[in-house]
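Everything below concerns the one structure shown next.
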Amino acid sequence: MTKIGFIGLGNMGGPMAANLAKAGHEVTATDLSDAAIKRAVEAGCTAGKTVADTVSSADIVVTMLPAGAHVRSVYLEDYGVLANAKDGALLIDSSTIDVDSARDVNAAAAAKGFQMVDAPVSGGVAAATAGTLTFMTGGEKSAFDRAHPILDAMGKNIFHAGGAGNGQVAKIANNMLLGITMIGTCEAFNLAEKLGLDAQTFFDISSTASGQSWSMTSYCPAPGPVEAAPSNRDYQPGFAAGMMLKDMRLAQEAAHKAKAATPLGAQAEALYALMESAGRDDLDFSGVMKLINGSL
Ligand code: NAD
């Protein structure tokens, strides 16, 4: 049993904190939303009144916040984690944020004697609830080893991606690839249909040929072939196009700074941004099919 302070009880953090409590840890949890704290208490956590109150006696702090600005604020400001955590506490940030913020906050933590890992996740609310998330972790190996049993209570696949920020690097590179393959898959199904080849037949052929990808076989954007795919529920998420756009933007920001050429990543970002400007970024990201076939 470990004393854990958990900050950020939204769609993902709520069920993650609940799984830590279910695993027998003593979890103090806080959020800006009273309703979110109430749900965490119902799931076995103790309510933290403030960030300081939440972290001051915790051996491990976990944060699950929207973006880099929130993480910088929660860790670096006077009310925050670094100013109030117990000496020797291990800090785990599971938010998806820009690589620079992850590395800056990690360095600030190290300067105060704290070990920290960035541990963004793959898998949505369903995986957070089931405790089957994939964690991509950046930070010192000894910090990763300390975090492992805690991440285990919330996830299934736990990877060490290297030094500070490398968890975020793995996350945005993976999601950039996913965003691109999804659009390519939509184009292929649309082309096949326009030329008179139905989705199921094309799927049967391409899913066993060289066009195969996760976007096709697990999440097919054309209705029909993959029963559980959002395309069969009028593209209800799943993983919303707006969240994919956030990750594509993080990838482009990092690519510019690193001078990495990502021409298809840039195109993919632009297409998901069109879903946003059409007011349809609430659809699953595979709903980019509707943009491609003109039905958005
Ligand atoms: P969310 O907006 O539902 O939750 C974020 C929570 O943080 C909110 O409840 C908010 O009140 C709280 N918060 C913000 N500032 C705070 C502060 N100063 N103190 C305390 N609480 C504060 O977001 P989410 O869907 O849970 O996503 C969290 C992170 O996980 C994001 O970085 C997101 O990109 C990433 N992620 C989400 C999914 C998904 O499917 N939702 C999947 C993978 C990764």
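Could you name the lysines whose alpha carbon sits less than 23 Å from that of Lys3, not counting residues in the same chain fewer than 8 places away?
Cross-link targets: Lys22, Lys38, Lys49, Lys86, Lys112, Lys141, Lys156.
For the range 199-214, take each phi angle, set θ = phi - 60°, evaluate the Karplus expression 6.51 cos²θ - 1.76 cosθ + 1.60, and give the result in whole Hz per residue in order, putting x for glycine and proline.
Whole-Hz 3J(HN,Hα) from phi for the range 199-214: 4, 5, 5, 4, 4, 4, 7, 5, 6, 10, 10, 6, x, 4, 7, 4.
With θ set to phi - 60° and the Karplus curve 6.51 cos²θ - 1.76 cosθ + 1.60, what are the ³J(HN,Hα) couplings of the range 150-157 in order, to the nearest whole Hz, using x for Gly and Pro?
Whole-Hz 3J(HN,Hα) from phi for the range 150-157: 6, 5, 4, 6, 10, x, 10, 10.
Which net charge results for the neighbourhood of Asn106, defined as the other residues with beta-carbon distances under 9 angstrom from its beta-carbon, given Lys and Arg at +1 and Asp and Glu at -1?
For residues surrounding Asn106, the net value is -2.
Can you check what the net charge comes to around Ile97, using other residues whose Cβ is under 12 Å from the Cβ of Ile97 (Lys, Arg +1; Asp, Glu -1)?
-2
Please state, as a whole number in µm²/s, the translational diffusion coefficient that the Stokes-Einstein equation yields for the chain at 20 °C and 1.002 mPa s, with Rh defined as the Kirkwood radius across alpha carbon pairs.
The diffusion coefficient I find is 107 µm²/s.
Which whole-Hz couplings ³J(HN,Hα) result when phi for each residue of the range 139-148 is put into the Karplus expression 6.51 cos²θ - 1.76 cosθ + 1.60, θ = phi - 60°, listed in order with x for Gly and Pro?
x, 4, 4, 5, 6, 4, 4, 5, 6, 3
Express in nm, to one decimal, how much length is gained between Ser73 and Ala130 on full extension, taking 0.36 nm for each residue of separation and deducting their alpha carbon distance.
Gain on extension, Ser73 to Ala130, equals 17.6 nm.
Could you list, bin by bin from short to long, the percent of Cα-Cα pairs of the range 58-157 in 10 Å steps?
Per 10 Å bin, starting at zero, the Cα-Cα P(r) for the range 58-157 comes out as 16, 52, 29, 3 percent.
Just the number please: accessible area per residue for the chain, 1.4 Å probe, all protein chains included, in Å².
It amounts to 44 Å² per residue over the chain.
For the chain, what % of the accessible area comes from carbon and sulfur atoms, probe 1.4 Å?
It is 56 percent, rounded to a whole number.
Say each of Lys3 and Asp53 gets a label point 7 Å from the Cα, pointing the same way as Cα to Cβ; how far apart are those two points in nm?
In this crude spin-label approximation the distance works out to 1.6 nm.
Counting only Cα atoms, I'd like the Rg/Rh figure for the range 169-292, Kirkwood definition for Rh.
Result: Rg/Rh = 0.98.
Student exercise: in the range 169-292, how many lysine pairs 8 or more apart or on different chains have Cα atoms under 28 Å apart?
Here the count comes out as 8.
Need one value: the accessible area of Leu65 in square angstrom, 1.4 angstrom probe, rounded to the nearest 10.
We get 30 Å² for Leu65.
For Asp100 and Asp34, what does the FRET efficiency come to when R0 = 25 Å and r is the distance between their Cβ atoms, rounded to the nearest 0.05?
0.15
The values are calculated or read from the model by the stated rules, or taken from the named source; none is laboratory data. The shown structure was predicted, so the numbers you read here are calculated from the model rather than taken from an experiment. So basically every Cβ, Gly included, is an ideal-geometry build from the backbone, and we count neighbours across all protein chains shown. Heads up: the accessible areas ignore ligands, DNA and RNA and are worked out on the full protein's heavy atoms, side chains in. Shrake-Rupley method; radii C 1.70, N 1.55, O 1.52, S 1.80 Å.
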